[in-house]
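Undergrad: I have a structure I would like to understand better, so I am pasting it below and will then ask my questions one at a time.
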Amino acid sequence: MPSVASLGRWCAAALLSSSAVVALAAGDMTTPVGVWRIVDDTGDAKALITVAEQDGEYVGSLTKSLGRRDALERRCTACTDWRKDRKLQGLQIIRGLRRDVQRDEYTGGKILDPDSGHEYGCQMKVVDDGRKLEVRGYFGISWLGRTQTWIREP
């Protein structure tokens, strides 16, 4: 029969292990990696974007449309690069972002407006304890642009 001390150590180890599993399952809320809900200026949810890290760069793809029913069947007819005429569902609309440790932001990337086919400069910052993502699209220099706040999906 195990002693009380060994049983206590076993319980402590089990609790520590389960805490680690829960933390891993929750994901790292300090990075932009995850699924984000795009909300427009009127407050309506428009789409879900999945952000992932690939070889040190952060990319984002259109996962689901929350607006028009046919939105994901639509194609990027206005695109002029490799995305021309590809379906919007799964289309990479964010690319090339890298973490800027000093500024605690993700910079140097591009974001695509699939309606116009234009690509803009992009930077992101995780805010509100990882619950929100400030995404800034800009033309040329960052103060010539606008910022949207995306909401992390559970």
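Undergrad: Are any residues in segment 122-139 among the small types (Gly, Ala, Ser) and within 13 Å of the chain's Cα centre (by Cα), and if so, which ones?
TA: Matches in segment 122-139: Gly130 only.
Undergrad: What is the number of the single condition among (1) at positive phi; (2) not in a strand (DSSP E or B) that Gly96 does not meet?
TA: Unmet for Gly96, out of (1) at positive phi; (2) not in a strand (DSSP E or B): (2).
Undergrad: Residue check: is Cys76 assigned by TED's automatic domain parsing to the domain that holds Ser142, modelled with pLDDT under 95 and over 13 Å from the mean Cα position of the chain (by Cα)?
TA: Yes, satisfied.
Undergrad: With the requirement that a residue be at pLDDT below 95 and among the hydroxyl-bearing types (Ser, Thr, Tyr), what does segment 124-146 give you?
TA: Answer for segment 124-146, where residues must be at pLDDT below 95 and among the hydroxyl-bearing types (Ser, Thr, Tyr): just Ser142.
Undergrad: Here's something else I'd like to know. Can you run down the residue pairs with Cβ atoms below 7 Å, 6 or more apart or on separate chains, where the first is in segment 113-133 and surrounded by fewer than 14 Cβ atoms within 10 Å (Cβ to Cβ) and the partner is among the charged types (D, E, K, R) and not in a loop (DSSP other than H, G, I, E, B)?
TA: Val127/Glu134; Arg131/Arg152
Undergrad: Name every residue in segment 79-93 that is in a loop (DSSP other than H, G, I, E, B) and either under 17 Å from Val51 (Cβ atoms) or not assigned by TED's automatic domain parsing to the domain that holds Thr50 (or both), in order of residue number.
TA: Leu88, Gln89, Gly90, Leu91
Undergrad: Here is a further query. More than 18 Å from Glu153 (Cα to Cα) and at pLDDT 95 or above: is that true of Leu97 in this structure?
TA: So Leu97 fits the description; yes.
Undergrad: Same structure, new question: Hey, can you tell me all the residues within segment 99-117 that are in a strand (DSSP E or B) and of a type outside the set (A, V, I, L, M, F, W, C)?
TA: Once the filter is applied, which keeps residues that are in a strand (DSSP E or B) and of a type outside the set (A, V, I, L, M, F, W, C), segment 99-117 yields Arg99, Asp100, Glu105, Tyr106, Thr107, Gly108, Gly109, Lys110, Asp113.
Undergrad: Looking at segment 50-103 only, could you name the residues that are in contact with a Ser or Thr (Cβ under 7 Å, 6 or more places away or on another chain) and free of Cβ contacts under 8 Å to residues at least 12 places away in the same chain?
TA: Asp85, Asp100
The values are calculated or read from the model by the stated rules, or taken from the named source; none is laboratory data. Here the structure is a predicted model, which means the values were calculated and not measured. Glycine also receives a Cβ, built like all others from the backbone with ideal geometry; neighbour counts cover every protein chain displayed.
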